[in-house]
Structures are given as C-alpha cells and as structure tokens.
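Accompanying notes for the structure given below.
The values are calculated or read from the model by the stated rules, or taken from the named source; none is laboratory data. Note that the structure is a prediction, hence the values are computed from the model and not measured. Because the Cβ atoms are built from the backbone with ideal geometry, glycine has one as well, and the counts that use them run over all protein chains shown. These accessible areas exclude ligands, DNA and RNA; they are computed on the full protein's heavy atoms, side chains included. Shrake-Rupley method; radii C 1.70, N 1.55, O 1.52, S 1.80 Å.
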There are 2 protein chains.
Amino acid sequence: MTQTDTVHLVEAATTAARDAFAALRATTPTERASLLEAIASEIEADKDAIIAAAVAESHLPEGRITGEVGRTTGQLRLFAGVVRAGDHLGVRLDPALPDRTPLPRADLRQRMVPLGPVAVFGASNFPLAFSTAGGDTASALAAGCPVVVKGHPAHPETAALVATAASRAVQAAGLPAGVFTLLDSRETGTGYEVGEALVADERIKAVGFTGSRGGGLALAAVAAKRPEPVPVYAEMSSVNPVVVLPGALADSAETVEKLAAAYVGSLTLGAGQFCTNPGLLFLPTGEAGDAFLAAAGRAVGEATGQRMLTPGIASAYGSGVEGVGALDGVKVVASGSAAGEEAPAPALAVVSGDAPDDAFEEVFGAFGVVVRYSSAADLAPRLAAMEGQLTATVHYDASAETGDPGDTEAARTLLPVLEDRVGRILFNGWPTGVEVGHAMVHGGPFPATSDSRTTSVGSRAIERFQRPVCYQDVPAELLPDAVRDDNPWGLVRRVDGTLELPR
Amino acid sequence: MTQTDTVHLVEAATTAARDAFAALRATTPTERASLLEAIASEIEADKDAIIAAAVAESHLPEGRITGEVGRTTGQLRLFAGVVRAGDHLGVRLDPALPDRTPLPRADLRQRMVPLGPVAVFGASNFPLAFSTAGGDTASALAAGCPVVVKGHPAHPETAALVATAASRAVQAAGLPAGVFTLLDSRETGTGYEVGEALVADERIKAVGFTGSRGGGLALAAVAAKRPEPVPVYAEMSSVNPVVVLPGALADSAETVEKLAAAYVGSLTLGAGQFCTNPGLLFLPTGEAGDAFLAAAGRAVGEATGQRMLTPGIASAYGSGVEGVGALDGVKVVASGSAAGEEAPAPALAVVSGDAPDDAFEEVFGAFGVVVRYSSAADLAPRLAAMEGQLTATVHYDASAETGDPGDTEAARTLLPVLEDRVGRILFNGWPTGVEVGHAMVHGGPFPATSDSRTTSVGSRAIERFQRPVCYQDVPAELLPDAVRDDNPWGLVRRVDGTLELPR
C-alpha cells in the first residue's frame, strides 16, 4: 500500500460521502429513523459473526461483547427515536409583525441543518459501541451527515462485518452507498497518514474521535490548519478523580472493606480499559484511610491481569506505571499477577509527598494512584487546579459525624469546583459504566475532550453535527417541512420565544 | 504605555473576572436577569452622553445611533427574559430505574453551566449594539460568564461611558466588579498585543469577536495554540450574495427601477458598513437585467459618500474597490461622489468575463459587484462553490412567466444549496437589518464565522458560552436548584427524553 493509494481511498470515500449528502439530508424523520433502525437490525442479523470477531480481536470476554452489541443497537434506536421526535431540529418561529413601529418585523423561522460528511475515528476499547457503527456514527447519521469511518486497526474484521451490515441497510433504504463508508485498515494501511488525510479533506465537515490525547490533539491540529477549519470532537484522556470523604469510611471496618473492594473492581474492570477508569483517588489520612488502602492493596495484589486490547496498549501500560512509580514521593504499594506480556499486572500507587496532583496523566489500564489528604478543606483548591476530566466521584455519608467540615459541607463546597472541571459528577458510585440516555454527559473540559460544549454519549450528541439556518420571508411554497406553519412533522417549536408542544 | 503595562492590565482584568466567576454563576435566574435589566437602565440613564460620544466617534447619524441604544438595551432585556425562562439551562432528567435488568439505571440529571470568563471584541460599525455592552457581552453575562471587553479604539469614549454604566449595575447588584471589565484602549494602547494577550490568557474560556477576517483568524490561531484551547466565535466576512431571478424583473420597467433603487439603498446604507451588506449580486443577462443594471448604476452615480468609521476603513475601502476593479473581466461601471477622503464614493462593478465568483472577498463599504448569468440552471453550482456567507437573498416572482425553469423551480433548486452555504436565507428583501429575536441566525459557514454551529445575534447566542454537566446519584440535599425534583425555578425539562413544560 503506497501513500498515493491511501490518499485515493480516502478521496473516494469522502467524495462518495459528499455526493450522498443531499440525499441523506433530504430524508424525512421517518426515513432517517428507519435507516438507523435498519442498521441496528442488520447488525443483529450478523450478531454471531460480529461477536466472534470482536472477541477474537479485542480479547474482551464474550459476555461483555454481547452486551456491547445491545448497547450499539440500543444507541442506534435511541437516535431513531430522537430523529422521529425531531426536537433536535430546534425549530423557532418569530412570526411577521407587519405593523410594528418603527420597523415591521419580517417572518423569521429557524431550524438546524446537518454540517456535512463526518469522519469518525472509533476507539479500540469499545469495538462496537464506540467504533464503526457506534455513538459518533449513529449521532452523525441521525443529524443527516454521511459518515466515513477510519477503521480501527485493532479490530479490522469486526469493523468490516459491522460496515457490511450498515451498508446493507443504506442500500435497502435506497440511499447512495456514500452515506456510510468504512476505510478498512487492511486496505488503507495503519499509518497516521490515513487519519490525517481524512481530517484534512475539504469534503469532511466535522470529526468524531475517541482515543488517546496524542491522537486527538494531532487530529485537532490538522483540522485547525485546514483552509476551512472544522469542529473536532475528540474524547481524549481523563484520570477521573474519586474523592473519599471521611464519612464514607466512618461506619465500620466492613464498610471500609466493601468500599475498597468496589474501588478495585471498577479499577480492574475490563483490564482498566475504560475512559472513565478511576485513576486517581483522594483518601483521608488516619486509621480508616489506612485500612481502606490496605484493603485496596490486598485486592489489587490478588488480581490477575487480563489480556489487553493490543500489544501496544499493554506495553504503554507497563511504561506508564513505571513512569508514575518513578516520580518523587510516589510508591507502587501493590501489584497483582501478570498473565503474560499482554496481560500485565494491575497495580496501585500511593503519593506520600507533595507531588502535584496534575503529575498523573492517564495511564490506560488497571492502575490506580491514591493521594492522601489531611483536611477536606484542602480538597477544593486541589481539584480546582486539576485538568479537565470526564468524571469526578464523591463518596460520602451525610449522617456520619466526622468533625469540621462534615461530609455534607465538604461535598457542598466541592460541587461547584467539580462542575467547573468535569462533565459528570457521581456520588457514592463508580464512574465506569456510562449510561446511554438523554441526561448523560460523556465529555468535559480540555483535555478530557477537545470541545466541552457537548457530549459524545447520549441523545445530546446529535447536536454536534448541525448548525442553525434562518429563513426570512421565505414563501410558504418553498419552506422546508420542518418550519411550515401547519407543522406536518408535529415538532416542538419555539414560537416568539416560548416553547410549544405539538398537539 | 509599554508592553509590560499592557500585559499587566490584561492580567488584572482576567484575574478579576476569574475571581468573580463563582459569584456570577451562583446567581439565581431572577438575580441574573435583574443585572441585565439594570445594565440596560443605566445605559438609558446616560443615554444623552453616550449618543453624543458615539456620534462624534463613529460619524454615524444621530438617528441611527439613537436606534442603536434601543437595540442595545432591548438586547439586554431579551437575554433577561431568556434567563428568567431558563430554557437555556437545557435541564434533562433520566430518573433512576433501580429494578431495570440486566443493570439498574442511576439517577441522571443534566444542566448547562457557564464556561467561565469571556473575552469580547466589539465591532467598530455598531459602537453600541455589537460593542462594549452589545450582543456578545449580553449573552455571555446571561450565561453566567464574566466579561472582559477589549475596548474598540474607534470609539473609546463611547466604550468608557457604556462600561461605567454597566459597572454601576454590577456594583448595585452586590456582585464583584470583575463581572464586567473594559480594557480601555486609551490605557492599554491599540496594538495587536492587547487582544492577543487577552485571548492567550488561561483565565479566558471563550472569545466573542466581530470584525475583519484577518483579525478573527489571528485570534482563532492564538486560541488554538493555547495549552487549553478555547472556543472562538468570530463573525468575520461575507459578501452576502443576492440572486435576482428573471421573474423579479418581469413585471414592468417600474418594478425593475424600484428593485434597483432598493438594492442601492441597502448597498449604501450607513456607508455600506454592515456585515450583511449585499456585496455580490447575480443578475440575468438580457434586457430586463440591463435595465436593472442601468438603474442601479444611475442610483450609485447619484449617491454621495458618507464619512466612514475610521480613516483606516475608508482607505481600505478605496484599495478594495481598486483591487476588484483591476481584476480581469471586472469593470467599475458607476461611481458616486466622494465627500472628502474619509467619505469615499459608492461604486458598482460588473463582471463580464469568467472571473470566478470567489474572487470577490468582502470590500467593507458601499461597493457592489454584479455578476451576469444566462441561465438560472447555472446558479446552483456557482453558489455551491462559494465560501460560507452570513446571508443569501433571492428575489423572485412565483407568478411571472419566465420560461424553464420558472422562478419557483429555480428557487427550489437553490434553497438546499443556500442552506449549506449561509446562515440566513431571505426572499424578496435585503440582508441589511438584522432582527434581534429568537429565530435569527447571524452566523454561517467559514469564513462568514469561525464557528457555524451558532449565532451571534438573537437568543440562541447564549448557548455559545455554556456546556452540559451530568449529575449522577447526587443526593437531593446537594442538587443545584435547576435540577431538583420540585423544580423551584419552574423550568422546561426533558424527562426521559420528552419535553415537559412547567405547570
């Protein structure tokens, strides 16, 4: 595969996507929703083959991959529902006021239109739900944008099977094939030039990416340098701080033990290969904290490594743990067992000195860093100084007597700080496991993402791929259905500023 | 003024803004709306002095400036209404489903939070409505973001008077002064380093800009190079194409004459110093088109230049007209009278050859370029090939018999093309005059703006300065008011995906 061939493959895909744009954006809500549902059904039809390929390529357990099929099809159907309801069209009507003085008001109508072809870079850690026909693809198609997926080289066969299913649905809908194209890594090669050519391509109007900070920043830089810059939605890196307030450890030794076990469970789940893995935990000094740490250390020590997604990820994990462990004041206090080179040992480190909290960039895998604090009053400035994160978690017990400030007051002080630093705030839970719904935010300030104004999971994700257009005095016979007076699509509309539900 | 002093002034302003952020974002809808209304009232209290200063500094007529005071205060009150209603908070609730299988669902709540301090770069052509306390400032404050305005050197006294009024309102509300700061160009100097230092400052979390393409691109580049990139909303340049379809000229010689007069009226309004000035007009070949062109040429020839905003703008207009006039196939066919060096003559040019439509970047001022076309069927690809624009206008007459395609069919073909290229589509009107309401879009694809996903005029502009946060299983006692079960602010909420109006 020469670089010229690669560029040709990219250009063929983006040209097809551009040429398919008019047909896709012209679909009615019903047609577009049906397309999304058909993709879900076609994936289900090939479920067995897809699961087998994904398990073989990702080394993730069959149960997890089976669950991910459900998540992927559920996501497509969620967006079908969003498209049918049509609230994302954001229709606004300001009727004409011909008699207004000093100047009459024209008839003004607004709706959202799709941006154009979208490049999607799937993640290795969710070979289905965040990859070929995952969240970015589903939300872009829902918005009316053709999609070109840069196939992830960690699961090429899975990608090809899913793409075949999606393309069958596109064909059955009578839409041009360019509505959905996979750039198969086995054909394009796996070098950076594929992704860079795709993002630099003038026919691409937005980019969805889930992966490493380095990868996301590189693509954002390519997009910013284009003659016409385009939005890049890169979900990159996060250490997902967890704050254990004193009350959470106050009840009994058993509570402490259970909390530590739950922490290590979240930390080691799926070999720790989650964007929301709890990489940094703030723990009170004192006996209860010591007991938590000892219990967590034991649990990590008893854990066995699981095979990671790729040899490269396993090796980056190893050097990441080594790098953090070598920092001043940091000590690796527990290590589990490796199960071969690609299944490295889970590990736990403790910060004893004054290492700044920001020293700990994400180490992708089952590695936790515990920071001790002596007063809950110190937490707010430390968390305020952290980089942007996908999530932050607080463990607390409102009823526990823990001195001044009590857990409730401490949590109350932390809340606005966390709002300013993260996309999702959890209490008394663990950040792994991202619900796909309407209220979810999988996003957050830089560098958790390149664009904090939105989410890559949940129904709001559709908003990433559209922009508003205003129609001024456009004759009724020419108005798009979405903004017609008789509201043929039964849309929610904002009339003169006030929301009106369809009857 | 040394560069060090300038940097200190910028840092003092951004530090005050950062320190004021917590207090501003903690305001209730009523408190924040009252602040916006108080700024409007304080501006009205100083109306006479503000109008006198703005007329003297901008050379715009008193009637126009008086109208702009109303637009500025109306805009502040519009956003007060938006804040009181609270729809922009985008509240979403996905209630817990503890019994769901295979996994329970947590309680999930979402709302928008403000991004943080915003830098505002006002425009010279709207010294009130798009400047110190103009649309960007009003929408940023409404979102809960402190504002640092880089004062426009073309109207320093106006800026200072408006800032004093705004600061009185901030003080009366008991909020920290850092909620609103003007960097007075008489103190900071007028070099590029003020704006660049402001946009590069880590305490600034978003930028609003209205001005030239060069200026906007320079600031966007500074923002992209920050360790933490931030959104830049730059409204830059647009030639606002107008398409005259054959039917619009078919009725009578009088119709043609009137249309040409209206065109030149829009072209020369306010010395042509509008972002939405109709800089490029597509006119059919043939007799009726010839008559339109002759009438427009006469009207331009009879027009006298008005004093432009600054000597620099007047001189840029002169070289702009010269530059376009020197292009192959372009001919300046009419010129009005100059009224001194700062009030250059309005002018009209015609493209006779094959000069590409994209050769005509905006010339800020009363200069129109007319392109002739022989078939309406050729228009769609030509408009599709244009750069992004703020507006596009179509003049047509559905009832006129104009052959194949008729105006209606031609317009129907153009509409999706225009949707893809512009922010606002107008029929049978002129783009100058931007209504401030709910359905307006003052935006559009690059290079009309640096971010097409929003608008800088109208109530949707508030969305530029916020991002979503999700609360997962946050205890009731800690939940922000906006997402509490009992809905104390009476907000519209999306519950399990369905919009519910407050009772």
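Quick notes on this one:
- Within region B:180-294, helices (runs of 4 or more DSSP H) holding 3 or more residues that are within 14 Å of another protein chain (Cβ to nearest Cβ) and modelled with pLDDT under 95: B:213-225
- Selected residue [open to solvent by 10 Å² or more (accessible area, probe 1.4 Å) and without any contact (Cβ under 8 Å) to a residue 24 or more places away in the chain] from B:G189, B:G174: B:G174
- Residue check for A:L103: buried (at least 24 other Cβ atoms within 10 Å of the Cβ) and either at the interface with another protein chain (Cβ under 10 Å from one of its Cβ atoms) or closer than 30 Å to A:I50 by Cα (or both): no
- Restricting attention to region B:447-503, the residues that are facing chain A (nearest Cβ under 7 Å), of a type in the set (K, R) and either open to solvent by 30 Å² or more (accessible area, probe 1.4 Å) or in contact with a Leu (Cβ under 8 Å, 6 or more places away or on another chain) (or both) add up to 3.
- Counted residues, region A:289-301 - those being open to solvent by 40 Å² or more (accessible area, probe 1.4 Å) and not acidic (D, E): 3
- Annotation note: Cβ proximity below 8 Å between a residue of region A:322-341 that is in contact (Cβ under 8 Å) with a residue 12 or more places away in the chain and a residue that is surrounded by fewer than 13 Cβ atoms within 10 Å (Cβ to Cβ) and part of a helix (DSSP H, G or I) (sequence gap 6+ or interchain) occurs for A:G336/A:E302; A:E341/A:P311.
- All positions within region A:433-444 that are within 8 Å of chain B (Cβ to nearest Cβ), open to solvent by less than 10 Å² (accessible area, probe 1.4 Å) and touching a Gly at 6+ places or on another chain (Cβ under 6 Å): A:G437, A:M440, A:V441, A:G443
- Selection status of B:L415, in a helix (DSSP H, G or I), in contact (Cβ under 8 Å) with a residue 24 or more places away in the chain and over 19 Å from B:G272 (Cα atoms): no
Residues checked against (1) of a type outside the set (G, A, S); (2) out of contact with any strand residue (DSSP E or B) (no Cβ under 8 Å at 6 or more places or on another chain); (3) crowded, with 21+ Cβ neighbours inside 10 Å:
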position	(1), (2), (3)
A:A13	no, no, yes
A:A20	no, yes, yes
A:S34	no, yes, no
A:E37	yes, yes, no
A:E44	yes, yes, no
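- Failed item in (1) touching a helix residue (DSSP H, G or I) at 6+ places or on another chain (Cβ under 9 Å); (2) open to solvent by 10 Å² or more (accessible area, probe 1.4 Å); (3) over 26 Å from A:P102 (Cβ atoms), with B:G151 passing the rest: (2)
- Subset of region A:436-464 (residues that are in contact with a strand residue (DSSP E or B) (Cβ under 7 Å, 6 or more places away or on another chain), outside any loop (DSSP other than H, G, I, E, B) and touching a residue at least 60 places away in the same chain (Cβ under 8 Å)): A:T449, A:R464
- Any hit, region B:131-141, residues being crowded, with 24+ Cβ neighbours inside 10 Å and charged (D, E, K, R): yes
- Candidates B:L309, B:L283 - the one that is within 16 Å of B:A253 (Cα to Cα) and under 28 Å from the mean Cα position of the chain (by Cα): B:L283
- Tabulated pairs, region B:119-145, first within 19 Å of B:A54 (Cα to Cα), second of a type in the set (K, R), C-beta under 6 angstrom, 6+ apart or interchain: B:F121/B:K150; B:A129/B:R71
- Once region A:302-312 is narrowed to residues that are open to solvent by 40 Å² or more (accessible area, probe 1.4 Å) and not in a strand (DSSP E or B), the residue that is farthest from A:T190 (Cα to Cα) is A:E302.
- Only a single criterion out of (1) within 14 Å of chain B (Cβ to nearest Cβ); (2) open to solvent by 50 Å² or more (accessible area, probe 1.4 Å) is not satisfied by A:F79, namely (2).
- Taking the criterion of being at pLDDT 95 or above and assigned to a loop (DSSP other than H, G, I, E, B), the residues of region A:342-362 that qualify are A:E342, A:A343, A:P344, A:A345, A:P346.
Yes or no, residue by residue, for (1) open to solvent by 50 Å² or more (accessible area, probe 1.4 Å); (2) part of a loop (DSSP other than H, G, I, E, B); (3) farther than 23 Å from A:H59 by Cβ; (4) polar (S, T, N, Q):
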residue	(1), (2), (3), (4)
A:A314	no, no, no, no
A:V321	no, no, no, no
A:K331	yes, no, yes, no
A:A339	yes, yes, no, no
A:F364	yes, yes, no, no
A:V371	no, no, yes, no
A:D378	yes, no, yes, no
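- Residue, farthest from the other protein chains (Cβ to nearest Cβ), within region A:406-423, restricted to residues that are open to solvent by 40 Å² or more (accessible area, probe 1.4 Å) and not hydroxyl-bearing (S, T, Y): A:E409
- Every listed requirement among (1) within 24 Å of B:Q472 (Cα to Cα); (2) surrounded by fewer than 22 Cβ atoms within 10 Å (Cβ to Cβ) is met by A:Q389 save one, (2).
- Residue in region B:424-432 that is facing another protein chain (nearest Cβ under 7 Å), open to solvent by less than 10 Å² (accessible area, probe 1.4 Å) and under 25 Å from A:P227 (Cβ atoms) present: yes
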